[in-house]
Amino acid sequence: SSDLYLSEKKDLVVADFCCGTGKNSLLLSEKVGTFKKVILVDINERFLEIAKKSKINAKEVVLVKGDILKADLTCEADAVISLFAYHHVPDRAKGLYVKKVIEVLKPGGLLLLGEIYLPTKEITSEYYKYLTDTIPDGDMSDSLRTFLLQTAESSDFEFKVSQDFAHTQLKKNNFTLLESKKIWPTTKKFGDDIGMFFEVWKLNTKV
């Protein structure tokens, strides 16, 4: 897990892309100790206000409101958190998203990437319908069910990126894969490269 790669580092600077309410930075800070600085980036001001109050274990918390592809980010981060954000970016702009990661990472820094790898629209639809069917009724709200079924039927680019596409793009930009773990589904319903993954990538040098 990500804390194993960061636990021995001191004065960590972390950037959290499309951070939402800051939960991921909060959980990471609880595992590895106090950050020197955390930069929280999101387009939703309400989410940032919640994140600001979330008691992230950091000496300095910086809030950046705006589109991640256009945000002015100047720092040398030890790690970038990107959980389920990359697939929201159109394919034509995914390269720019990776460039933004490189822009803030120091050489040797880590990209903590959570992604749902789905190579085609047909598999995307099947995946989200299967996910809807497997969530216990007690954990399924009406709004979540509606969201998942709408996602399954969407014809938009969102929620669809293949593992091959992502890995090729990151390797082309001088990242090395340190760890890739499939989180869901744990059954053989889909191929080994399809589903929810957590990955750790290391930026070798700036390109």
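Scan segment 149-158 and give yes if some residue there is at pLDDT 95 or above, buried (at least 17 other Cβ atoms within 10 Å of the Cβ) and closer than 26 Å to LYS188 by Cβ, otherwise no. No: segment 149-158 contains no residue that is at pLDDT 95 or above, buried (at least 17 other Cβ atoms within 10 Å of the Cβ) and closer than 26 Å to LYS188 by Cβ. On the given criteria, is LEU131 under 18 Å from SER2 (Cβ atoms) and in contact with a strand residue (DSSP E or B) (Cβ under 9 Å, 6 or more places away or on another chain)? No; evaluated as a whole, the condition is false for this residue.
The single residue among LEU105, LEU111 that is crowded, with 22+ Cβ neighbours inside 10 Å, in contact with a helix residue (DSSP H, G or I) (Cβ under 9 Å, 6 or more places away or on another chain) and under 24 Å from LEU6 (Cβ atoms) turns out to be LEU111. Take the residues in segment 30-65 that are surrounded by 18 or more Cβ atoms within 10 Å (Cβ to Cβ) and of a type in the set (Gly, Ala, Ser); name whichever of them is farthest from CYS18 (Cα to Cα). Here the residue is ALA58. All of (1) in contact with a Leu (Cβ under 7 Å, 6 or more places away or on another chain); (2) farther than 30 Å from GLY108 by Cβ hold for ILE123 with one exception: (1).
Within segment 5-22, the residues that satisfy the criterion of being touching a helix residue (DSSP H, G or I) at 6+ places or on another chain (Cβ under 8 Å) and under 21 Å from ILE68 (Cβ atoms) are LEU12, VAL14, ALA15, ASP16, PHE17, CYS18, CYS19, GLY20, THR21, GLY22. With respect to the conditions (1) at pLDDT below 95; (2) closer than 23 Å to ASP156 by Cβ, VAL32 lacks only one, and its number is (2). The single condition among (1) free of Cβ contacts under 8 Å to residues at least 60 places away in the same chain; (2) surrounded by fewer than 18 Cβ atoms within 10 Å (Cβ to Cβ) that LYS206 does not satisfy is (1).
Counting only strands (runs of 3 or more DSSP E) wholly contained in segment 17-87, the ones carrying 2 or more residues that are free of Cβ contacts under 8 Å to residues at least 40 places away in the same chain occupy 37-42, 61-65.
Scanning segment 74-88 for residues that are within 17 Å of the chain's Cα centre (by Cα) and either over 18 Å from LYS202 (Cβ atoms) or not assigned by TED's automatic domain parsing to the domain that holds LYS52 (or both) turns up PHE84, ALA85, HIS87, HIS88.
The values are calculated or read from the model by the stated rules, or taken from the named source; none is laboratory data. None of these values were measured; they are calculated from a predicted model. Every residue, glycine among them, receives a Cβ derived from its backbone with ideal geometry; neighbour counts consider all protein chains shown.
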